[in-house]
Amino acid sequence: MNFFNYYLKEEISTGVLLLFVFIARTIVYKVVQKYAKTSQIIERRTNLVIKYINILITILALITLILIWGVKAEDIFITLSSVATVIGVAMFAQWSILSNITSGIILYFSFPFKIGDIILIHDKDFPEEGEIEDIGAFHVTMKTNTGETVIYPNNLFFQKGISVIKKPLHNNEEFTD
């Protein structure tokens, strides 16, 4: 019984934090869904963005929870620096994964092109023209006029010039999986 009285402030703070996380996730879900409907964005892409934002909210909540329960700042910094070192070494070879995920989120909200659009990628050595078939978290799939399937990483769309040649006449909602 003494435990509950001794840590009452931390218990209440934890409850408020959990309520805040639930409300924040609900609001994010509704706002992104509403944005997706008004922008005619495919549901699968919407779910990816919601998942990434929920992961960010969870990480922030865990850091806040650690601070609420009084873990010393020195211990947090030592642990975080050790974890960051291991992750940094592991991700050094995989930096493009993070770059592609970030680019995928930017493409989601800026939507310069959509599934069904015919685009031209202005590459000096290998210019490509084709219809976008899928926009995923890591790459964009397009089919060329010759029937070839070409897959471009999302981060290349910020390094190359893109022209939208033709917009589709149909609604993108037909492309949901």
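Brief remarks on what is shown
- Looking only at segment 61-79, and only at residues there that are open to solvent by 100 Å² or more (accessible area, probe 1.4 Å) and over 11 Å from Glu10 (Cβ atoms), the one that is modelled with the highest pLDDT: Ile78
- Taken together, the residues in segment 119-148 that are at pLDDT 85 or above, in contact with a Leu (Cβ under 8 Å, 6 or more places away or on another chain) and not in a strand (DSSP E or B) amount to 1.
- Scan of segment 99-113 for residues that are in a loop (DSSP other than H, G, I, E, B) and surrounded by fewer than 19 Cβ atoms within 10 Å (Cβ to Cβ), ordered by number: Phe111, Pro112
- Segment 113-124 residues that are on the phi > 0 side of the Ramachandran plot, paired with ones that are outside any loop (DSSP other than H, G, I, E, B) (beta carbon under 9 Å, 6 or more apart): Gly116/Glu131; Gly116/Ile132; Gly116/Glu133; Gly116/Asn172; Gly116/Glu174; Gly116/Phe175
- Gly116 meets each of the listed conditions (1) surrounded by 15 or more Cβ atoms within 10 Å (Cβ to Cβ); (2) out of contact with any Asp or Glu (no Cβ under 8 Å at 6 or more places or on another chain); (3) modelled with pLDDT of 80 or more apart from (2).
The values are calculated or read from the model by the stated rules, or taken from the named source; none is laboratory data. These numbers come from a predicted model, not from an experiment. FYI the Cβ positions are ideal-geometry reconstructions off the backbone, even for glycines, and counts take in every protein chain you see. Accessible surface areas use protein heavy atoms only, side chains included; no ligands, DNA or RNA. Shrake-Rupley method; radii C 1.70, N 1.55, O 1.52, S 1.80 Å.
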